[in-house]
Amino acid sequence: MATVFDLVVRGGRVIDGSGGEPFEADIAINGEKIVEVGKGVGPARHEIDATGLVVTPGFVDIHTHYDGQATWADRLVPSSSHGVTTVVMGNCGVGFAPCRPDQHDMLIGLMEGVEDIPHPVLVEGLPWSWETFPQYLDFLSSRRYDMDICAYVPHAPVRVYVMGQRGADREAASEADLEQMAGIVREAMDAGAMGFSTSRTFFHRSADGASTPSFEAAEAELISLALALKASGKGAMQLITDFDDAEQTFALLRRLVQSSGRPLSVSLLEGSYGPMTLRWNDVLDWAAESTAEGVPVKAQVLSRAIGVMLGHELTLNTFYTCPSYVDIARLPFDEKIRALKRPEMRARILTESADPDPTIVLGRLAREFDHMFLLGDPPDYEQPFEQSIAARARRLGVTPEELAYDLMLERDGRNNLYVTLCNYEHGSLDSSLAMMRHPGSVLGLGDGGAHCGTICDGSYPTFMLTHWVRDRTRGERLSLPLVVKWLSHDPARAVGLLDRGFIAAGYKADLNVFDPHRLHLHAPEVAYDLPSGGRRLVQRADGYAATVVSGTVVQRAGVPSGLLPGRLVRGPQTLQASV
C-alpha cells in the first residue's frame, strides 16, 4: 500500500538552494521534514498544486530585532510577508534579557533609541515575565509563531545586568564583572542562544542620547564573551562597529575569532562615517582571506541602500525640528495636515532653520536633498541622482525645501520621501551588487521588527527576487538560483542552522511557492497595529502562492492561514534523518 504523505507540493519548478539549475519535481513532507523529492510521488492528505510556479526553501533572515514583537505577537510581520521562515533576533547587542526589575526602563530607552521602537509600544507590549536569559527563552518557547525564531544573547543587557549603572555609564569592567558576564553567556548558550551580539558604533544611542553600554568596551571584555562561546563549543558572534581605522578594526575581529574558534559576522555598509566605510572592498577581501585561513569572518551586507523614510506620519521629515512644525506636531494627523496646507504656515516653516542638533545622525538626513527621492509605488530603489529632490527642484526653479514640503502634503499628507543613508555613494546599486557577489559576504541587515518609523528594509527578500532577478534596468541582473541560495542556504549556514535552507530529504520542510512573474513589491505604508496603537512601516508583497513552515501552510496567496507552527529554535541545528 502506497505511503500517504502529510503534504505534497506537486509539479513545481524546484530551486533547491544549492545555486544549481531548477528541476521539476514533487516534494513530499511528513511532519516537519521533507521525506522525498522526485517525480510522481505518492498521494497526500493535503496538496499544493505548484504547476507553473517556483518552489524554493524558506528564506532565513539572520539580522532582525523581533525581541519585543515576539513577546506580544504571533505573526512576525513584515518578514513573514516576504517568504522568511526563520529569523535570528537579538542583533547589535540590544534586547530585553537578562534584565533586573529596576532596569526595565533603561533597556526600553536603549531599544527605543537604537532601533526606533516607540516607548509606549514597549511599555504596554512587554510582559516582563522573565529576568534571566534562559527565562526569556522559556517564555518565547511557550509561544507560537508563523515562523521559527532564534536569539542571540545581547551584550548591552548582560553588561547592565552585571554592572548596573556602571555598565550603562560604560565604565571599565573588573575581573569579577568579566567573570559574571562570561557566566551569563555560557548559561545562555546552554539554554539555547545562537551566540552573542554586540555594538561598537557611535550610531547606537539610547533615547536620552547616551551611547550604548557596549560602545568602546575593552577588548578583554569582548574576548571574555568570545571565550564563553568557546567553552560551550557552539554559537556565533554578531557585531556592528565603526570602521574609522579599518585595519585595526578588522584585526580585532580576527582576534575574537582566533581566541574563540567561533564564526563572526559584522555589518558592512558603503559610506563615510560610523559603521560605514569607503574601504568596504578591503574589508570583504580580508573576510574572505581570513575565512580561507580557518578564521571564519563574514560581512553582512544589504541588497539595496539603507533608506530612511521621511513623512508626516513618521519619526523624521524635512521640517520636524522647525519651531512652527514642532508646535503642531502632536495635533491629530488630519488637523496637522490642514494646518500645514495653510499658505501662511507654509511660508513661515520655509523660513525657519531646521535640525539644530547636527550630531543626531539620522536627523541630518532630513535635508540631504541630493540623496532624497520620491520613492513611488511601485517603489523605485535605484533612481539616478537626476531624479533627486535637489535635481528636480533645480529644474522647477524652486528650492528643495519648497518641493519637499509640497510633495509630502500629497496623498492627503501621506506621501513619503526616501533618503539613502548608505550603499548609494555613486547613485546606483552597483556597490551592493559587488558586495553581494563577494565570497566574504552574506545577506542580512533587513532589521525586521525595528526602525518602526524610519526604515523598512525587512522586505529585501522580495526585492531580491523582483529588482535583482527580473526588473533591474540600470545594470546587471542576477540569476534566480543564485539569489535563492543567498536568501536561504548561505545565511542558514552562516549561523549554524544546518537543518534548513535546502530542499532535499531530511531537511526541514520550510518552503516558498511563488510566481516569479507576478511577484510585486508595494511601497512602504504606515500601519497602527502595535501595542498602544503604535505605528510602524510595513511593506506588502503579491505573488507568493504559499509559504510553508515545518510542513504547515502559514500563508496562501498572501492570506495568513491562522496556523502557527513556528517555534523558538534553541541554538545551532544539525541535519537529522527524515522520519
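The values are calculated or read from the model by the stated rules, or taken from the named source; none is laboratory data. Since the structure is predicted, the reported quantities are computational estimates derived from the model, not experimental observations. Every residue, glycine among them, receives a Cβ derived from its backbone with ideal geometry; neighbour counts consider all protein chains shown. These accessible areas exclude ligands, DNA and RNA; they are computed on the full protein's heavy atoms, side chains included. Shrake-Rupley method; radii C 1.70, N 1.55, O 1.52, S 1.80 Å.
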**OP:** Starting from residues that are open to solvent by less than 20 Å² (accessible area, probe 1.4 Å) and of a type outside the set (S, T, N, Q), keep the ones in region 375-390 and report whichever is farthest from Met309 (Cα to Cα).
**Re:** Ala390
**OP:** Could you pull out the residue among Pro400, Pro332, Pro378, Pro384 that is of a type outside the set (Phe, Trp, Tyr) and touching a Phe, Trp or Tyr at 6+ places or on another chain (Cβ under 9 Å)?
**Re:** Pro400
Original post:
Would a scan of region 33-42 turn up a residue that is at positive phi and in contact with a Phe, Trp or Tyr (Cβ under 7 Å, 6 or more places away or on another chain)?
Top reply: no
Subject >> Hits in region 320-344 - residues which are assigned to a loop (DSSP other than H, G, I, E, B), open to solvent by 20 Å² or more (accessible area, probe 1.4 Å), of a type outside the set (D, E, K, R) and more than 19 Å from Pro118 (Cα to Cα) >> reply: none
Original post:
Any idea which of Val153, Val162 is surrounded by 24 or more Cβ atoms within 10 Å (Cβ to Cβ) and not acidic (Asp, Glu)?
Top reply: Val153
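Being of a type in the set (A, V, I, L, M, F, W, C), open to solvent by 30 Å² or more (accessible area, probe 1.4 Å) and assigned to a helix (DSSP H, G or I) narrows it down to one of Ala347, Ala393, so name that one.
Unique residue meeting the criteria: Ala347.
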Original post:
Which one of the conditions (1) closer than 25 Å to Phe139 by Cβ; (2) without any contact (Cβ under 8 Å) to a residue 12 or more places away in the chain; (3) of a type outside the set (S, T, N, Q) does Ala182 fail to meet, given that it meets all the rest?
Top reply: (2)
Original post:
Which one is most open to solvent (accessible area, probe 1.4 Å), of the residues in region 258-308 that are among the hydrophobic types (A, V, I, L, M, F, W, C) and in a helix (DSSP H, G or I)?
Top reply: Ala292
Subject >> Scan of region 351-374 for residues that are open to solvent by less than 50 Å² (accessible area, probe 1.4 Å), assigned to a helix (DSSP H, G or I) and either in contact with a helix residue (DSSP H, G or I) (Cβ under 6 Å, 6 or more places away or on another chain) or at pLDDT 95 or above (or both), ordered by number >> reply: Phe369, His371
Original post:
Just for region 71-105: of the residues that are surrounded by 24 or more Cβ atoms within 10 Å (Cβ to Cβ) and aliphatic (A, V, I, L, M), which one is nearest to Ala541 (Cα to Cα)?
Top reply: Val84
Original post:
Any residue at all in region 73-84 that is closer than 22 Å to Val185 by Cβ, in contact with a Phe, Trp or Tyr (Cβ under 6 Å, 6 or more places away or on another chain) and in a loop (DSSP other than H, G, I, E, B)?
Top reply: no
Original post:
What number of residues within region 508-533 satisfy the criterion of being part of a loop (DSSP other than H, G, I, E, B), open to solvent by 20 Å² or more (accessible area, probe 1.4 Å), in contact with a helix residue (DSSP H, G or I) (Cβ under 8 Å, 6 or more places away or on another chain) and over 18 Å from Gly83 (Cβ atoms)?
Top reply: 0
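Looking at Leu227, Leu252, which one is assigned to a helix (DSSP H, G or I), in contact with an Asp or Glu (Cβ under 7 Å, 6 or more places away or on another chain) and modelled with pLDDT of 95 or more?
Result: Leu252 is the single residue among Leu227, Leu252 that is assigned to a helix (DSSP H, G or I), in contact with an Asp or Glu (Cβ under 7 Å, 6 or more places away or on another chain) and modelled with pLDDT of 95 or more.
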Original post:
Out of curiosity, is Glu131 in a loop (DSSP other than H, G, I, E, B), at positive phi and open to solvent by 50 Å² or more (accessible area, probe 1.4 Å)?
Top reply: no
Original post:
Consider Val398 against the criteria (1) open to solvent by 20 Å² or more (accessible area, probe 1.4 Å); (2) aliphatic (A, V, I, L, M); (3) closer than 26 Å to Arg470 by Cβ: it satisfies all of them except one. Which criterion is unmet?
Top reply: (3)
**OP:** For region 539-579, enumerate the residues that are open to solvent by 10 Å² or more (accessible area, probe 1.4 Å), in a strand (DSSP E or B), touching a residue at least 60 places away in the same chain (Cβ under 8 Å) and of a type in the set (A, V, I, L, M).
**Re:** Ala541, Ala545, Val553, Leu568
Subject >> Residue within region 202-218 that is open to solvent by less than 30 Å² (accessible area, probe 1.4 Å), modelled with pLDDT of 95 or more and over 26 Å from Ala251 (Cα atoms) present >> reply: no
Original post:
Of all residues in region 85-119, which are farther than 17 Å from Val158 by Cβ, modelled with pLDDT under 95 and either β-branched (Val, Ile, Thr) or assigned to a strand (DSSP E or B) (or both)?
Top reply: Ile117
Original post:
Restricting the search to region 1-50, which residues are without any contact (Cβ under 8 Å) to a residue 40 or more places away in the chain and open to solvent by less than 50 Å² (accessible area, probe 1.4 Å)?
Top reply: Ala25, Asp26, Ala28, Gly38, Val41
Original post:
Within region 309-319, can one find any residue that is over 24 Å from the mean Cα position of the chain (by Cα), of a type in the set (Phe, Trp, Tyr) and open to solvent by less than 10 Å² (accessible area, probe 1.4 Å)?
Top reply: yes
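Has region 187-199 got at least one residue that is open to solvent by 10 Å² or more (accessible area, probe 1.4 Å) and without any contact (Cβ under 8 Å) to a residue 40 or more places away in the chain?
No, region 187-199 contains no residue that is open to solvent by 10 Å² or more (accessible area, probe 1.4 Å) and without any contact (Cβ under 8 Å) to a residue 40 or more places away in the chain.
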Original post:
Could you count how many residues in region 215-263 are in contact with a His (Cβ under 8 Å, 6 or more places away or on another chain) and of a type outside the set (Gly, Ala, Ser)?
Top reply: 4
**OP:** Examine region 235-243 for a residue that is modelled with pLDDT under 95, in contact with an Asp or Glu (Cβ under 6 Å, 6 or more places away or on another chain) and either open to solvent by less than 20 Å² (accessible area, probe 1.4 Å) or not in a helix (DSSP H, G or I) (or both), and state whether such a residue exists.
**Re:** no
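Looking at region 401-506, what helices (runs of 4 or more DSSP H) fall wholly within it and have at least 2 residues that are farther than 23 Å from Gly58 by Cβ and open to solvent by 10 Å² or more (accessible area, probe 1.4 Å)?
Result: 410-413, 430-437.
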